[in-house]
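The values are calculated or read from the model by the stated rules, or taken from the named source; none is laboratory data. Keep in mind that what you see is a predicted model, and the values were worked out from it rather than measured. Cβ coordinates were reconstructed from backbone atoms using ideal geometry, including for glycine residues, and neighbour counts include every protein chain displayed. We work out accessible area using only protein heavy atoms, side chains counted, and drop any ligands, DNA or RNA first. Shrake-Rupley method; radii C 1.70, N 1.55, O 1.52, S 1.80 Å.
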Amino acid sequence: MTYPPLTIVHVGDMPTGIRLSPTHSIQLKLSNGLTRLGHLVLNFADRDVARAKSWTGSRKFGRRAVNAALLAFCRHHRPDIVLLGHADMIAAETVAAIREELRSVRVGQWNADPLFEPDNIRRLRGKLDVVDATFVTTAGAPLAALRAGGHAMSFMPNPVDASIEKGRADLLRDAPFDLFYACGNPGVPPREICGTTWNMNDFCTMLASRLPALRMKLPGINNTPHLKAAAYQHALEHSAIGLNISRRADFPLYSSDRLAQIAGNGCVVAMERMTGYDAYFGEDEMLFFSTIDELSEKLAHLAQDRNARMRMGTAGRARYMERFNERAVAAHLLAVLTGTRPPEDMPW
């Protein structure tokens, strides 16, 4: 649906230059999508504003100031929509105050953390009574449970953005790396893969022992340095296959946002079938597995058959870009927030 130009205040962890922020953040992608749909997007970096307004430079001591600043910001710009993305510095009382002053404003919150984390549920519930809709990257029964009391809850896929995920690993016949996997902390929390709990150091070591010829790029594994921003993007652009392992696979459609990063750069996505993404992508578009043996066999095959790997990477990238691009996801948020689409609808 086409809307007249809206003014949207997007609150979240936006890059300001105060810190070295990530390049691939969902905050950036959604703001890009909303702008490309023709709307004015005013980004408000809650964490950095809190730091800037604290004489210690600590966001903890800038909490009161950042809430006052957001209220003043909205009072000044009078947005049609306020969108909160992991805006944990902002209190529910501040959102209520914004709504009191701007009676026609619509407010949404989005969240990309798992619904099996009690602390994440607590953060979400903290604003359910002051927002019009909540968007999360998990579907099915875990999402439905949050609808109790009449709350509008909607599934939101991890968006891809061709201006950010700009690599074409699917076009590289001789990619330097066969397999890419990045991990912040390999052991905490552990990952559940095919029904077994793993420290990712051990999992990657096991995979390497099964497939000794596989050339792996594994930042964060076994004390390998982490990669960020441009260095992270460069590694994705030069990797044939990306392993998409989240903490667990039994929450419908939940995935780390690395899913969009892998698919968008033309790497073949390797992920558990249990995630439910096999309902959206074919076996010729992503590498789905249900056992470690199946994963190993398929990795070995694609590492040898470069043509098959390139075709799969191209097909998966095209499908992901078509369905889950930043404009499509932003348009879904707007449709739900403006009441033109039921929050339960999944137009993907």
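Quick notes on this structure:
- Extending 7 Å from the Cα toward the beta-carbon at both Thr340 and Arg306 defines two label points whose distance is 4.7 nm.
- Overall, the accessible surface of region 3-110 at a probe of 1.4 angstrom is composed of carbon and sulfur to the extent of 54 percent.
- Sites excluded, GluC sites (Glu not before Pro) in DSSP loops with at most 13 other C-beta within 10 Å, longest stretch of the chain: 1-282
- Note on the chain: helix-only mean residue ellipticity at 222 nm, from DSSP H runs of 4+ residues weighted -39500 (n - 2.57) and normalised by residue number, equals -11000 deg cm²/dmol.
- Extension gain, Ser290 back to Arg19 (0.36 nm per residue minus Cα-Cα distance, nm): 93.6 nm
- Nearest-10 value in Å² for the accessible area of His76, using the 1.4 Å probe: 140 Å²
- Share of carbon and sulfur in the accessible heavy-atom surface of region 183-222 [1.4 Å probe, %]: 51 percent
- Sequence-distant residues sharing a close amide H with Glu192 (under 5 Å, placed H): Trp198, Arg248
- Per-bin percent of Cα-Cα distances, region 116-266 [5 Å]: 2, 9, 15, 18, 17, 15, 12, 7, 4, 2, 0
- Electrostatic bookkeeping for Trp198 treats Lys and Arg as +1 and Asp and Glu as -1; over the other residues with beta carbon under 10 Å from its beta carbon, the sum is -1.
- Residue-count net charge about Arg51 - beta-carbon cut-off 15 Å; Lys, Arg +1, Asp, Glu -1: +3
- Å² per residue, accessible surface of the chain at 1.4 Å: 43 Å²
- Classified by the C-alpha gyration tensor, region 1-138 has a rounded form. Its axis ratio a/c, with a ≥ b ≥ c, is below 1.5.
- Nonlocal amide H pairs with Ser290, under 5 Å, H built at 1.01 Å: Arg273, Leu295
- Amide H contacts for Trp110 (H built 1.01 Å from N in the peptide plane; partners 5 or more residues away or on another chain; cut-off under 5 Å): Leu84, Gly85, His86, Phe135.
- Carbon plus sulfur fraction of accessible area for region 129-175, probe 1.4 Å, in percent: 53 percent
- Relative contact order (percent, whole number), the chain, Cα cutoff 8 Å, 6+ residue spacing: 18 percent
- Cα gyration tensor shape of region 202-261, rounded if a/c is under 1.5, else prolate or oblate by comparing a/b with b/c: oblate
- Whole-Hz ³J(HN,Hα) from phi, Karplus 6.51 cos²θ - 1.76 cosθ + 1.60, for region 107-115, glycine and proline x: 10, x, 10, 10, 8, 10, 8, x, 8
- One chain, two ends: Thr205 and Arg103. Fully extended at 0.36 nm per residue, the span grows by 31.0 nm beyond their Cα-Cα distance.
- Segment His234-Arg64, extension gain: residue separation times 0.36 nm, minus the distance between their alpha carbons: 57.3 nm
- Rounded to 5, the percent of DSSP beta bridges in the chain classed as antiparallel: 10 percent
- When all protein chains stay in place and ligands, DNA and RNA are ignored, the 1.4 Å accessible-area order of Arg210, Arg19, largest first, is Arg210, Arg19.
- Phi angles of region 94-101 translate, via the Karplus equation with coefficients 6.51, -1.76, 1.60 and θ = phi - 60°, into HN-Hα couplings of 5, 4, 4, 5, 4, 5, 5, 7 Hz per residue; Gly and Pro are given as x.
- Between region 159-191 and region 1-48, the alpha-carbon center distance in angstrom: 24 Å
- When you restrict to C-alpha pairs under 8 Å that are six or more residues apart and normalise by the size of region 1-93, the relative contact order lands at 39 percent.
- Couplings 3J(HN,Hα) for region 324-333, derived from phi with the Karplus relation 6.51 cos²θ - 1.76 cosθ + 1.60 (θ = phi - 60°), are 10, 6, 4, 6, 5, 5, 4, 5, 5, 4 Hz, where x marks Gly and Pro.
- For the chain, the calculated P(r) over all alpha carbon pairs, in 10 Å bins from 0 to the bin holding the longest distance, is 5, 24, 33, 24, 12, 3, 0 percent.
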